[in-house]
Amino acid sequence: MAHEISFEKAQEKARQDEIICRMIESYPDHMSESEIIDIASLLRRLTGDVAAWLIEEQAARENQQ
């Protein structure tokens, strides 16, 4: 099964996830409700892609054993 995204892309998306989470942690009172909703949507997409990549990678490694 071919990955939908590359390792490098999954790595970049994970890095972006971390930056967004740190930003929320540092400035929670400076964001409006609509900004939080937009950020949550962005995080869902980014983390979903990374999670899918990790699941595919795990399955590929299990099949190699």
Inset, instruction - Compute the signed sum of charges (Lys and Arg +1, Asp and Glu -1) over the other residues within less than 14 Å, Cβ to Cβ, of N63. - result: -2
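Set the Förster distance to 30 Å, then compute FRET efficiency between D29 and A51 from the Cβ-Cβ distance, nearest 0.05. Walk me through the numbers before you get to the answer.
Values: r = 29 Å, r/R0 = 0.98.
My answer for the efficiency is 0.55.
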Inset, instruction - Determine the calculated [θ] at 222 nm for the chain from helices alone, applying -39500 (n - 2.57) to every DSSP H run no shorter than 4 residues and normalising by the residue count; nearest 500 deg cm²/dmol. - result: -28500 deg cm²/dmol
Inset, instruction - Give the Rg/Rh ratio for region 7-64, taking Rg as the radius of gyration of the Cα atoms and Rh as the Kirkwood radius, to two decimals. - result: 1.13
Inset, instruction - Report the calculated FRET efficiency for Q65 and I37 (r = Cβ-Cβ distance, R0 = 35 Å), to the nearest 0.05. - result: 0.25
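Read the figures in this text as sums done on the coordinates, not as results from a lab. Everything numeric in this text was worked out from a predicted model, so none of it was measured. For neighbour counting, all protein chains shown are included, and Cβ atoms are generated from backbone atoms with ideal geometry for every residue, glycine included.
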